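The values are calculated or read from the model by the stated rules, or taken from the named source; none is laboratory data. Bear in mind that the values here come from a model prediction, so they are computed numbers and not experimental data. FYI the Cβ positions are ideal-geometry reconstructions off the backbone, even for glycines, and counts take in every protein chain you see. Side chains are part of the model used for accessible areas, which takes the heavy atoms of the whole protein and leaves out ligands, DNA and RNA. Shrake-Rupley method; radii C 1.70, N 1.55, O 1.52, S 1.80 Å.
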Amino acid sequence: NTSVGANYTQTTIGDIMTRASGLAPGQTSIDGAALVVSSERKADETTFGWYVEPSISHKRFWLSGGVRIDGGNTYGSHVSFAGFPKLNLSWLISDEPWFPFKTLVNTLRLRGAYGRAGVQPGPTDRLRLYEQDPHWLDGQTVNTTLLTSLGNTNIRPERSTEWEGGFDADVWDSRLSVGFSGYRKMRYDALMRVPVPPSLYGNRIFDITMNVGTIRNTGIELTLATDLLRSDLVSWSAQLNLSRNRNRVLSLGPGVRPFDVLGSGRVQAGYPLFGVWARPIVGFADANGNGIIDAGEYQVGDSAIFLGQSIPNYEASIHTSVALFRHAITVDAGFDYQDGLTQINNTILTNKAFARAANDPTAPLGEQAAVVALSTTQYGLIQTISTLRFNSLSVAFALPTSIANRVGARALSLAVRGTNLGLYSKYNGKDPSVNAYTTGNATADTGQLPMPRTWQIRLSASY
């Protein structure tokens, strides 16, 4: 089989914005305003491409390949087209006549995939943009030109290459299903917003989109699903999903120096992407003997050190279900686990005046030093944690048919369900899973209320 296709996409955005000040009381039009400012913004983005995907299928073997050629007006001056090939294969090896474990293994499928992809820059990332900056001076409007975007004429599309392989197996009369995958993804010329030193452009803070370098992502994923018991009296099934993920900045591009993002996050070669960094508190002591840590009674290191990565090392979820008396009673429960997430407790940072360590002389000296040193470092508020969350519990009852018939129903069921039932962690804040920023860029607990614990009762009728 062969698939062939093409696409052309054009997006045009046009904005006209007007604002006015100095309107007379009762005025319904901006014509009589003392100051009228209008601005216009336009953006045109076009992408086009074509693809060919041949595939070969057999009852035991499946192979699919393809190539896609893309181009666009935001690809920059150096690249007009980009090619993205892919290859997928699958082999049901358990159906081969010579497969030796047929009594134990019901099915075993081996699979692998290779592919390349790309990300194009934004429509204005290459452009240096200005706007008028009007001022009301001595009874008249004075316009000046203000630089709003630096632009980057050397920007290139981001490219990525990914390998993935694994297997799916059913064993022991299909009572156990196992799925395993491993992947390795390389990002070249990765696109990111990079801050520019404010001293270069009139003490103003700018950032530009740059090709920052090469990033490697690796990981494994494991799925186990099993029917532990199968009988009319009791049936019990469970499923486990486990993943381990790693990323690392292998190198930075020409002219790109290590840079910080969103406070404690940093992009630096040899370390995880958006790793958490801070200058360490290397010592503290109650020098004046008043029982508290005062300013000047702590020491901070000269340079920031790596404290951990902003995504978990491991993530796992467990779901189990028990059915009794031919599914007359069903109990379901779910749990989540995370390990290795490094996070800053921003709640104390923004409300340090109310922190216990800032008001209670009996607070441990280490906690006091962490709060007192916040003008210099956030080191004392950063934790690497693991969490176990009791996500959900549901109990459902199938009421007898005689009761359902009394209300004219074919079947009745009653269910009680609870969510967000428990959190077990040594985290000092409210909830490490409620963050101000997207995981993978930076994680910070800024005091948002955690998800509430809820209980629901549901009565269902079938007619």
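In the set (1) touching a Phe, Trp or Tyr at 6+ places or on another chain (Cβ under 8 Å); (2) touching a residue at least 40 places away in the same chain (Cβ under 8 Å); (3) buried (at least 17 other Cβ atoms within 10 Å of the Cβ), the condition left unmet by Ile382 is number (1). The set of residues from the stretch 89-131 being part of a loop (DSSP other than H, G, I, E, B), in contact (Cβ under 8 Å) with a residue 40 or more places away in the chain and not β-branched (Val, Ile, Thr) comprises Leu104, Gln120, Pro121, Gly122, Pro123, Asp125, Arg126. Looking at this structure, is Arg257 part of a strand (DSSP E or B), of a type in the set (Lys, Arg) and open to solvent by 40 Å² or more (accessible area, probe 1.4 Å)? In short, no. For the stretch 63-82, filtered to residues that are among the hydrophobic types (A, V, I, L, M, F, W, C) and assigned to a strand (DSSP E or B), the residue that is modelled with the lowest pLDDT is Phe81.
Checking Gly289 against (1) within 30 Å of Val434 (Cα to Cα); (2) over 23 Å from the mean Cα position of the chain (by Cα); (3) modelled with pLDDT under 90: exactly one of these is not met. Which one? The failed condition is (1).
If the condition is being in a loop (DSSP other than H, G, I, E, B), under 30 Å from Asn152 (Cα atoms) and of a type in the set (Gly, Ala, Ser), then the stretch 260-301 contributes Gly263, Ser264, Ala269, Gly270. In this structure, Leu108 does not satisfy being open to solvent by 20 Å² or more (accessible area, probe 1.4 Å), within 19 Å of Thr161 (Cα to Cα) and at pLDDT 85 or above. Would you check which residues across the stretch 332-353 are more than 20 Å from Pro432 (Cα to Cα) and either of a type in the set (Asp, Glu) or open to solvent by 50 Å² or more (accessible area, probe 1.4 Å) (or both) and list them? Selection gives Asp332, Ala353.
Let me confirm something: among Leu176, Leu200, Leu228, which residue is at pLDDT below 85, over 29 Å from Tyr130 (Cα atoms) and more than 21 Å from the chain's Cα centre (by Cα)? Just a single option satisfies the conditions, and that option is Leu228.
No other residue among Ser21, Ser57 is at pLDDT 80 or above, open to solvent by 50 Å² or more (accessible area, probe 1.4 Å), out of contact with any strand residue (DSSP E or B) (no Cβ under 6 Å at 6 or more places or on another chain) and at negative phi apart from Ser57. Cβ-Cβ contacts under 8 Å between residues 6 or more apart (or on different chains), taken from a first residue in the stretch 345-369 that is in a helix (DSSP H, G or I) to a second residue that is open to solvent by 80 Å² or more (accessible area, probe 1.4 Å) and among the acidic types (Asp, Glu), are listed as Arg356/Glu367; Ala357/Glu367.
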